[in-house]
Amino acid sequence: MKGMRYLLFNMLFTNFCVLVTFVYLSGILAKKYNNDLKMPSLKVQMVAGLLFGLYGNILMSYSFSINQLVIADFRHLALVIIASYLGWFPTLITGVVIGAGRMVLLGMSTASMIAGTGMMLTAVLCALISRLPGKRLYNMLTMNLAAMTIISLVITLNTTEPLFWVLLIYLVLSIAATLVIYILTEDVLGSIQMFLQMKKHAETDHLTSLNNLRQFEQLLDRRYDEAIQNREKLGVLLVDIDGFKKINDTYGHAAGDVVLQQLSQLLKKHARPMDEVSRNGGEEFTILAPKASLLETAALGEKIRKAVEQHMFELQDGIVLNVTISLGAAVYPDTVMTDNARELLLQADKALYRAKNSGRNRVCMAEAPDENT
């Protein structure tokens, strides 16, 4: 019995080390793909459910064999972690993957079916507990106790041997592992949130929350290369507020900031869902319009121009302003025949210059290049 306890402790400790590795690996993946674990998309939840299901199945490779039919490991902690941090839906996916893995990978038998069904039931319980209010650590401990209760029943059904000390050691180590994994996971989660926050500050304009100039330049290069490779069009609109200096001089810079913020909301509202809006600095904005011809890009600019012209800009002191904008439109390959993305921006800037010099509050299109040039 003493040797059995030692082997159980050794294998569960190995399980714990493997699980900790999985937690840090998940954190690295979350950083790489910029996943906010507080507001995960449905796709992220599905992928996470499958990934933690895979983790659970891998943990079975490091399990302790109580007898020929029964094994002990920490695969239930994969359910506890994902339920605590990503909610009920990915937990159910993880439970199905682990339960099916128990029945298929280790051979179909009555014992496997009982163990697999028990793991799916554990997933349901963890999913329900994850929806309860309360501190995360308390919920994790509750999930762990619920899981260990089901696991003890499964072990009891699959063996006739007295296993009181085995189950007690299993429970104590499982609680200890839950506490340590909670601390480590909170540290990983905090690191991810800090990384995403720093990345957001580096890529967005602090006043309008739009893409900043640095991010726009990266997006322009990326979308331009995609347009060339896929033989698609790429439109760009350069937007400038008419008489913005006069607004600042008359009403103050605080009023100018309000105008910039409201204009940014109008640009995002009237741009297409796939368009990317940026503030390049001062009163200048840009809109990248993938798969838009020159006429479509100009039409988009005209739609935005009218929306801005009709909008009443409300300042903090109750003052209402009418503001207009001028826009320059250019499109690859309609106005640019080179593989230089900056040439597209230069064309839009020239068109904007013409819009300013020809009366403002209008959209001007870049001219098609001479094919002989």
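Before moving on, here are some points about what is shown:
Residue by residue, here is whether (1) more than 30 Å from Thr250 (Cα to Cα); (2) in contact with a His (Cβ under 6 Å, 6 or more places away or on another chain) holds:
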{"residue": "Leu263", "(1), (2)": "no, no"}
{"residue": "Glu284", "(1), (2)": "no, no"}
{"residue": "Ile287", "(1), (2)": "no, no"}
{"residue": "Leu295", "(1), (2)": "yes, no"}
{"residue": "Ala307", "(1), (2)": "no, yes"}
{"residue": "Phe313", "(1), (2)": "no, no"}
{"residue": "Ser358", "(1), (2)": "no, no"}
{"residue": "Asn361", "(1), (2)": "no, no"}
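- Verdict on Val180 being open to solvent by less than 40 Å² (accessible area, probe 1.4 Å) and among the β-branched types (Val, Ile, Thr): no
- Unmet requirement for Met337, which otherwise passes all of (1) without any contact (Cβ under 8 Å) to a residue 40 or more places away in the chain; (2) over 24 Å from Gly243 (Cβ atoms); (3) touching a Phe, Trp or Tyr at 6+ places or on another chain (Cβ under 9 Å): (3)
- Checking Asn280 against (1) open to solvent by less than 30 Å² (accessible area, probe 1.4 Å); (2) at pLDDT below 95; (3) within 19 Å of Met365 (Cα to Cα), the condition it does not meet: (3)
- Residue that is modelled with the highest pLDDT [pool: residues in the range 1-20 that are open to solvent by 60 Å² or more (accessible area, probe 1.4 Å) and either among the hydroxyl-bearing types (Ser, Thr, Tyr) or outside any helix (DSSP H, G or I) (or both)]: Tyr6
- Flag if Val23 is modelled with pLDDT of 80 or more, surrounded by fewer than 18 Cβ atoms within 10 Å (Cβ to Cβ) and among the aliphatic types (A, V, I, L, M): no
- Residue in the range 256-269 that is in contact with a helix residue (DSSP H, G or I) (Cβ under 8 Å, 6 or more places away or on another chain) and exposed (fewer than 14 other Cβ atoms within 10 Å of the Cβ) present: yes
- Qualifying residue in the range 39-61 (condition: assigned to a loop (DSSP other than H, G, I, E, B), open to solvent by less than 30 Å² (accessible area, probe 1.4 Å) and closer than 30 Å to Thr160 by Cβ): no
- Every residue from the range 289-299 that is over 29 Å from the mean Cα position of the chain (by Cα) and under 10 Å from Gly235 (Cα atoms): Ser293, Leu294, Leu295, Glu296, Thr297, Ala298
- When the range 346-359 is filtered for residues that are under 36 Å from the mean Cα position of the chain (by Cα) and open to solvent by less than 40 Å² (accessible area, probe 1.4 Å), the ones remaining, listed by number, are Gln347, Ala348, Leu352.
- Count of the range 152-183 residues which are assigned to a helix (DSSP H, G or I), over 30 Å from Tyr85 (Cα atoms) and free of Cβ contacts under 8 Å to residues at least 24 places away in the same chain: 2
- Residues that are touching a residue at least 40 places away in the same chain (Cβ under 8 Å) and either open to solvent by 60 Å² or more (accessible area, probe 1.4 Å) or outside any helix (DSSP H, G or I) (or both), drawn from the range 187-198: Phe195
- For the range 300-308, the criterion of being assigned to a helix (DSSP H, G or I) and among the β-branched types (Val, Ile, Thr) is satisfied by at least one residue.
Conditions (1) within 15 Å of Ala330 (Cβ to Cβ); (2) at pLDDT below 95; (3) in a helix (DSSP H, G or I), marked per residue:
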| position | (1), (2), (3) |
| --- | --- |
| Gln218 | no, yes, yes |
| Val239 | yes, no, no |
| Ala255 | no, yes, yes |
| Leu260 | no, no, yes |
| Pro273 | no, yes, no |
| Thr286 | yes, no, no |
| Ala289 | yes, no, no |
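- Long-range neighbours under 8 Å by Cβ, at least six apart or interchain, first residue within 17 Å of Glu309 (Cβ to Cβ) within the range 350-368, second open to solvent by 50 Å² or more (accessible area, probe 1.4 Å) and part of a loop (DSSP other than H, G, I, E, B): Ala355/Arg362; Cys364/Ser358
- Subset tally (residues that are touching a helix residue (DSSP H, G or I) at 6+ places or on another chain (Cβ under 8 Å) and open to solvent by 50 Å² or more (accessible area, probe 1.4 Å)) for the range 226-255: 2
- The lone exception for Glu296 - which of (1) open to solvent by 80 Å² or more (accessible area, probe 1.4 Å); (2) part of a helix (DSSP H, G or I); (3) touching an Asp or Glu at 6+ places or on another chain (Cβ under 7 Å) it fails: (3)
The values are calculated or read from the model by the stated rules, or taken from the named source; none is laboratory data. Note that the coordinates shown come from a computational prediction; the quantities given were computed from them, not determined experimentally. Counting neighbours? That spans all protein chains shown, and the Cβs are built from the backbone with ideal geometry, glycine included. Side chains are part of the model used for accessible areas, which takes the heavy atoms of the whole protein and leaves out ligands, DNA and RNA. Shrake-Rupley method; radii C 1.70, N 1.55, O 1.52, S 1.80 Å.
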